[in-house]
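The values are calculated or read from the model by the stated rules, or taken from the named source; none is laboratory data. Because the structure is predicted, anything quoted here is derived from the model rather than measured. Cβ atoms come from the backbone with ideal geometry, glycine included; neighbour counts cover every protein chain shown.
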Amino acid sequence: RAGLMPDTHDPQPPSTTEPHHDAKQPTEVSEEEYHEHADRFMDSLHDRAEELQEERQDVEVEYAAGVLSLSFPPSGTYVVNKQPANKQIWLSSPTSGPKRFDWVVAGESMHQKEGAGTGDWVYLRDGTSLTDLLRREVGISVDVAGEDP
């Protein structure tokens, strides 16, 4: 069976999976930069979760001592916290399990303009973005760039 072009066979359908980062290591950041990125993320997640809590009576949000607990019945409780010693954000998800996310800036290679890259918290084992995972599992869009979505 021919594809769209005479010399092609069955073309592959477009991928419907979430985009993944292909980073193999975290972006080097200072302790100050880590806290800036992590605090921005945690604050945005907390704000979005509280907005959702106002819309849904079954959602519970608790943020204390740098640990954010989000209860989403019937799925369960998500726990998100900073790990400054490793410069990571850790997530415990009742759906996808525990993951450790590193700050990764994509699109800042020697062939691209400095400062043109975009950063996100990425699970380096499989390239999962924390923002994509939260959007997919709990429907929360988190702002990692410091701008409202």
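Listed values, structure above:
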{"read-out": "Count of segment 43-66 residues which are closer than 18 Å to VAL144 by Cα and free of Cβ contacts under 8 Å to residues at least 60 places away in the same chain", "value": "6"}
{"read-out": "Filter result (under 15 Å from the mean Cα position of the chain (by Cα) and closer than 13 Å to ASP143 by Cβ) within segment 32-48", "value": "HIS37, ASP39, ARG40, PHE41, MET42, ASP43, SER44, LEU45, HIS46, ARG48"}
{"read-out": "Of the criteria (1) at pLDDT 90 or above; (2) within 23 Å of VAL79 (Cα to Cα), which one GLU28 fails", "value": "(2)"}
{"read-out": "Residue selected from segment 89-107 under the condition of a type in the set (Phe, Trp, Tyr) and in contact with a Ser or Thr (Cβ under 9 Å, 6 or more places away or on another chain), by the criterion nearest to PHE72 (Cα to Cα)", "value": "PHE101"}
{"read-out": "Subset of segment 107-123 (residues that are modelled with pLDDT of 95 or more and either over 22 Å from GLU137 (Cβ atoms) or among the hydrophobic types (A, V, I, L, M, F, W, C) (or both))", "value": "TRP121, VAL122"}
{"read-out": "Residue match in segment 94-106 (condition: closer than 19 Å to SER129 by Cβ, buried (at least 16 other Cβ atoms within 10 Å of the Cβ), over 14 Å from the mean Cα position of the chain (by Cα) and modelled with pLDDT of 90 or more)", "value": "no"}
{"read-out": "Restricting segment 35-52 to residues that are modelled with pLDDT of 95 or more, farther than 11 Å from TRP103 by Cβ and aliphatic (A, V, I, L, M), the residue that is surrounded by the fewest Cβ atoms within 10 Å (Cβ to Cβ)", "value": "MET42"}
